[in-house]
Amino acid sequence: FTFIHFTDDHIPVNAGVVNLSSAIAEVNALQPVPAFVIDTGDITETGFEPEYVKYAELMRMLTIKFYPALGNHETAWVDVGKERFRRYFGNPYRSFNFGGIHFIILDSTVIAEQHGHFNRNQLSWLREDLKATGKTIPIFIFSHHPPMVDKGESFIDNKQEVAEIIRGYNIKIWFCGHGHTPKCWTWNGIYLVMTRGMMNGGYRIVQIRNDKVILATKDINQPAVIDCPEISLTKPIPVLPYKIIAPQPFTQNPAQCLVKTRDDKNKVQVRLNNNNWSDLALSTGTKNWWYFDISTPGCEGKNTLTVRISTNSNTNPPVPLIWETYIPF
């Protein structure tokens, strides 16, 4: 089957209106008929009522089912953004099964803020939803903000909690918007797929063929272009490509963080809580060991050490590979 990913429509910006109208006409004409559309937010420009009215009016031209999500443009300028969305489209986070895949749509927005965050109720719901789904069925997640960008930073301030909740489940792809640019990369073995913003003239066609996922960017009035490697639904997520010896805080100062990688062609970084990232040094005496001395005074209470390794894949096209491990102490 095929489904469609829209994002960043920004209605009623003129480019968004024109492009969304054209995209709907293209999708309606596709053969075979796509199963549904998922729109990952910024469906409006400022979240005001007339913008919802216009977006809903446009989407009524779509001949297949669609599932919208909240973006920061729905919530950053209006304190009723989430309530307004619920009135038009229902719960901003939900899940469903289709074609042997479990689809999860999340709400990454914060009232009066631009950054992303998942609140307590939603994280509790996500735990239960994943538990009910089990660890074998392939899972696609959708949110407006990406949990991790391809340069290594994050728009979501509690991505660590999310990473712990989804760890061990068969998460294959996390679809997102916010960046308006089509690209793909991986975070802890999960493909992160960003789609071109509708106001920038494009959307994404996702084909499921046997056990393969084929991802293509479709610019308005242009042929679709495959721009990510094929993703297998049956191939296991790769194991962590490094080993960490975590520091033992307060037993010595400074404490040493040791990381052993499979090779030395990586960039390895570490940071304590939300401090700046520091590059680990490659040991000259022991092969593929990286080390860093961490100053532990003043660390009383709850702390987190984050270790990150990044490199590039040998896929075509190549994608950045990012692994992060979060060590609470």
Could you go through the range 11-24 in sequence order and give the Karplus-derived ³J(HN,Hα) for each residue, using 6.51 cos²θ - 1.76 cosθ + 1.60 with θ = phi - 60°, rounded to whole Hz, and x for Gly and Pro? 5, x, 3, 4, 4, x, 4, 5, 5, 5, 4, 5, 5, 4
Fully extended, how many nm does the chain gain between ALA29 and THR136 (0.36 nm per residue separation, minus their Cα-Cα distance)? 35.1 nm
Between SER283 and GLU161, what is the FRET efficiency for a Förster distance of 30 Å, r being their Cβ-Cβ separation, to the nearest 0.05? 0.40
First select every other residue whose beta carbon is under 9 angstrom from the beta carbon of VAL307; then total the charges, Lys and Arg +1, Asp and Glu -1. +1
Among the aspartates and glutamates, which have Cα under 16 Å from the Cα of LYS159 when same-chain residues fewer than 8 positions away are ignored? ASP107, ASP150, GLU324
What shape does the range 18-77 take by its C-alpha gyration tensor, where a ≥ b ≥ c are the square roots of the eigenvalues and a/c under 1.5 counts as rounded, a/b above b/c as prolate, and the rest as oblate? prolate
Under 20 Å from the Cα of LYS267, which lysines turn up, not counting those fewer than eight places away in the same chain? LYS151, LYS243, LYS287
Cross-link pairs LYS65/LYS183; LYS65/LYS172; LYS82/LYS212; LYS82/LYS235; LYS131/LYS172 - those with Cα-Cα distance over 28 Å: LYS82/LYS212; LYS82/LYS235
Which value in deg cm²/dmol, rounded to the nearest 500, describes the helix-derived mean residue ellipticity at 222 nm for the chain, given -39,500 (n - 2.57) per DSSP H run of n ≥ 4 and division by the residue count? -5500 deg cm²/dmol
The ³J(HN,Hα) series, computed from each phi in the range 141-151 with the Karplus coefficients 6.51, -1.76 and 1.60 at θ = phi - 60°, rounded to the nearest Hz and given as x for glycine or proline, is 10, 10, 8, 5, 7, x, x, 8, 8, 6, 9
Once you order the gyration tensor axes a ≥ b ≥ c over the Cα atoms, which shape class does the range 31-131 get: rounded for a/c under 1.5, otherwise prolate or oblate by comparing a/b with b/c? oblate
Between ASN158 and residues 5 or more places away or on another chain, the pairs with built amide H atoms under 5 Å apart involve PHE118
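All of the numbers you see were taken from the coordinates with simple rules; none came from a lab. Since we're looking at a predicted model, the values are computed, not measured. Cβ sites come from the backbone with ideal geometry, for glycine too, and all protein chains shown count toward neighbours.
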